[in-house]
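Novice: This is the structure I have questions about; it appears just below.
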Amino acid sequence: MSTRSGLIIGLAVGLLVPAAVFGGSALGAGASPAADQAGCTSFWVSPDGNDSAIGSKAKPWRTVEHARDTIRTRNLNKNLSCDLVVNLKAGTYKVDKTITFDDRDSGSNGRQVVYRSADGPGKAVFEGATEVTGWTPYKDGIFKAPVDVDQPFYTLYAEGKRATTARYPNRRSDAEWAPYLRSILFDPTKEAVRDQIGFNAGDWDPAWDLRLGTSWPAQVTVWSGGSWSWFTDMVPLLDINFTKGRTTLVYPARHGFINSGGGSRYFVQNSLSLLDQAGEYYLDYPAKQLYYKPAGGTMDGVTVQRPELTQVFSIAGASVNRRVENLTLDGFAIQHTDFMEWYRYGWNGTGDSGYKRPYPKYDTQIELPRNRWGAITLTNTRGVQLTRLHLQQTGFTAIELLFANEKTTVSDSLFEHLGNDGIKVEGGWPGEGDLAHGNTFTNNYIHHIGELVPGDSAGFEIMNSGRNEISHTVVEHGARYGISIESRPEVPNQDNYTGGNTVHHVRLSHLAKDSGDTGPFYAYGVRNQPPYTPDAAVSQLIIDDANADPSMPDSKPYGVHMDFGGCGFAFSDVKVTNTESDPYHGPSAGPCDTFANVSWEPGFDDSRMQYDQIGVLPSFPYEKP
């Protein structure tokens, strides 16, 4: 989706230099560009500025794009002697088109081009949604309003939180995905099919208006795989046969819906017939009508916002050899982005991408190309700094590092109520070059992840990328992972780029709440051959509360789950409590990790835990949830 009123940022008559010292041009924890420095001038932008102005503090521009374009056309970033800073005044910057930066926007001489919230973290707000007005009563406490949109939206924000697409069965609470229906085997020859779900008599009501056969049908969200609870797919319905007790999907899901452990859990959504619980909504896109049921029975004082785009910022170099370098976003709040029409994780089978790869099975391990984005997306970058951000209520992943990104820093930031992952790092294909490495993620607080994609959601998901650091961080409340580090088990060590990651002073809690064969800390396919000499390190880690919903039929959550190829890690000073299954579950290949002072082994010494340094530091710029 795109921005209607493009953002505008103002440039002033000069450049502003940060008062803080930037070690290696990277913003330090809690540091921010602040005051004028001799020889450097500044540019300014304000929500009530004017792009015809001069871009000074007194006469600011209005959009980020204008600031960017001015810097480009004047080549102001080509021979920097100090950091070039664009100051954004406090206020709301409406975005309906993705703001893009490319390699023309890089810093130079080791200096950064900095776009910052001048009045402090979270004060310059990038708003991805538009308020819906004109509400009138419909029936049964439901209200309706016209929405003049050229394309549908796929999530909604109301009363300060994400609204729920009208569904059956109704969800138990805003913090849970359950309860569910359960698929059955409607035909013994159809056990492996991925596009037909069998249902029990009485589970589906023939009176429901599911709009089947139209361009706007109802959907299912399903933990495909039968009793496996690894991935959730959201797929529209094609037709239904009540005589046979089955419905057909428009697209195949990740896995089939029956295995030896039983059927898949799922719920039906996106029908006005299902709208009966406060906090639910339904968009009748063909009729351009939005329906919502407020908690208080009235729309007085209720704000409803519909998202207009999926990505707020895209920072993308033209190629691996033409990267965006030394660009900083500092202190922005980014909120209310959109989801997508339908979702499935990865290709269904080996080589399904259609490209010849050294390890074609990897196709099944990564997102489909249409799903590779975040509210901020980085592609082909080096030395990008994202600091003191507040990302909330995103439709999908908050920050996506796609393919060639190195020396990125994400620090001092608050992530909350995310559609999918907090931070996802997806390198290139195994055996084709080590493109993504050396990134630092520190002093971040991430909570309530996977609100729309509970399956495979993570606070951090690192795919085929190594030598990254995650530190002084909290991840809490999600259906699956806190930290997931993955490649593929068939990839030999020399072609696997996932080694050498470091995790320290991290707390993971209230995770694995609705999935199985998992743990808040998870690794898969990292080191697949001996020797397993550790090159990855996990220390000063606390894990608490890995307990799945009672409806979850898969193996119960562990604390640390080192799956196939979860080898080459040195664990030290790790405390795991309150897990439904074992605190540690090792690879089937046998011992291939090392341990020192871990709570699942005798002799654990709690006094070695550095509790005052685990989680975010005192310098964290936001109020902790």
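Quick note: the coordinates plus some simple rules give every number you see, no bench work behind them. These numbers were taken from a predicted model, which means no experiment stands behind them. All Cβ positions, even for glycine, are placed from backbone atoms using ideal geometry, and neighbour counts span all protein chains on display.
Novice: Which ordering of 413, 81 is given by a fewest-first count of other beta-carbon atoms within 10 Å?
Specialist: Going from sparsest to densest Cβ surroundings: 81, 413.
Novice: Taking the radius of gyration and the Kirkwood hydrodynamic radius from Cα positions alone, what is the Rg/Rh ratio for segment 339-608, to two decimal places?
Specialist: Working: Rg = 17.1 Å, Rh = 18.2 Å.
Rg divided by Rh gives 0.94.
Novice: Exposure proxy check: 208, 61 ranked by fewest other beta carbons within 10 Å?
Specialist: 208, 61
Novice: Sticking with this structure for a sec: Calculate the dipole size of segment 132-303 relative to its Cα centre from +1 charges on Lys and Arg beta carbons and -1 charges on Asp and Glu beta carbons; express the result in debye to the nearest 20.
Specialist: The dipole magnitude comes to about 300 debye.
Novice: Please list, or write none, the aspartates and glutamates whose alpha carbon is within less than 19 Å of the alpha carbon of residue 575, excluding same-chain residues fewer than 8 places away.
Specialist: Once the sequence-local aspartates and glutamates are set aside, what remains near residue 575 is 476, 544, 545, 593, 601, 605, 606, 612.
Novice: Suppose a student asked you for the relative contact order of the chain, using Cα pairs under 8 Å spaced at least 6 residues apart; what percent would you report? Don't skip to the answer; put the middle values down first.
Specialist: Details: 1977 pairs, mean separation 65.0, N = 625.
Once divided by the residue count of the chain, the mean separation gives 10 percent.
Novice: For residue 518, list long-range residues whose amide hydrogen, built 1.01 Å from N in the peptide plane, is under 5 Å from its own amide hydrogen.
Specialist: Here the answer is 558, since their amide H atoms fall under 5 Å of that of residue 518.
Novice: Tell me which residues come under 5 Å, amide H to amide H, from residue 289 once H is placed; ignore anything under 5 positions away on its chain.
Specialist: Those qualifying (amide H under 5 Å, at least 5 residues apart or on another chain) are 147, 284.
Novice: With respect to the cross-link table entries 144/513; 97/361; 123/407; 94/161; 139/244, which display a Cα-Cα separation exceeding 30 Å?
Specialist: From 144/513; 97/361; 123/407; 94/161; 139/244, over 30 Å: 144/513; 97/361; 139/244.
Novice: I'd like to know how segment 132-303 sits against the 2.2 N^0.38 Å rule of thumb: what's its Cα Rg over that expected value?
Specialist: Details: Rg = 16.8 Å, N = 172, 2.2 N^0.38 = 15.6 Å.
Relative to the rule-of-thumb radius for its length, segment 132-303 sits at 1.08.
Novice: In addition: Restricting things to alpha carbons, tell me how big segment 473-619 is in terms of Rg and Dmax, in Å.
Specialist: Values for segment 473-619 (Cα only, Rg and Dmax): 14.7, 43 Å.
Novice: Starting from the Kirkwood Rh over alpha-carbon pairs, what translational D in µm² s⁻¹ does segment 409-472 have by Stokes-Einstein at 25 °C and 0.890 mPa s?
Specialist: The calculation lands on 196 µm²/s.
Novice: For the chain, what is the charge dipole size about the Cα centre, in debye to the nearest 20, if Lys and Arg each add +1 at the Cβ and Asp and Glu each add -1 at the Cβ?
Specialist: Numbers: 55 positive and 72 negative charges, 283 e Å.
So the dipole magnitude of the chain works out to roughly 1360 debye.
Novice: Next question. Enumerate by residue number the trypsin sites (Lys or Arg not before Pro) in segment 306-398 meeting two conditions: DSSP loop (anything except H, G, I, E, B), and at most 10 other Cβ atoms within 10 Å of the site's Cβ.
Specialist: 356
Novice: Now for a different question. What's the exposure ranking of 44, 429, 223, 216, going from fewest to most Cβ atoms within 10 Å? Please report the intermediate quantities before stating the final value.
Specialist: Numbers: 44 27, 429 23, 223 34, 216 15.
So the residues, fewest neighbours to most, are 216, 429, 44, 223.
Novice: Okay, moving on. Jot down the per residue volume, in cubic angstrom and as a whole number, of the convex hull over the alpha-carbon atoms of segment 271-408.
Specialist: It comes to 166 Å³ per residue, whole-number rounded.
Novice: Grab the DSSP H runs of the chain that are 4 residues or longer, score each as -39,500 (n - 2.57), total them, divide by all residues and round the 222 nm result to the nearest 500 deg cm²/dmol.
Specialist: On the way: 1 runs with 10 residues, N = 625.
Helix-only estimate at 222 nm: -500 deg cm²/dmol.
Novice: Also, I was wondering about something else. Could you tell me which of 170, 154, 63 has its Cα farthest along the dipole of segment 41-198 towards the positive end, charges placed at Cβ (Lys, Arg +1; Asp, Glu -1), taken about the Cα centre?
Specialist: 63
Novice: Please give the Cα centre distance for segment 439-458 versus segment 217-288, rounded to the nearest Å.
Specialist: Taking the Cα centre of each part, segment 439-458 and segment 217-288 sit 25 Å apart.
Novice: Whole-Hz Karplus ³J(HN,Hα) for segment 311-317, in order, using 6.51 cos²θ - 1.76 cosθ + 1.60 and θ = phi - 60°, x for Gly and Pro?
Specialist: 10, 8, 10, 10, 10, 9, x
Novice: Kindly write out, for segment 515-530 in residue order, the coupling ³J(HN,Hα) from the Karplus curve 6.51 cos²θ - 1.76 cosθ + 1.60 (θ = phi - 60°), rounded to whole Hz, with x marking Gly and Pro.
Specialist: Karplus values, whole Hz, x for Gly and Pro: 8, x, 6, 8, x, x, 10, 9, 9, 8, x, 7, 10, 10, 9, x.
Novice: With unit charges on the beta carbons (Lys and Arg positive, Asp and Glu negative) and the dipole taken about the Cα centre of the chain, which residue among 504, 589, 494 sits farthest to the positive side?
Specialist: In the chain, that residue is 494.
Novice: Over the chain, what number does the Rg to Rh ratio reach, with both radii from the alpha-carbon atoms and Rh per Kirkwood?
Specialist: On the way: Rg = 24.5 Å, Rh = 25.2 Å.
Over the Cα atoms of the chain, Rg/Rh equals 0.97.
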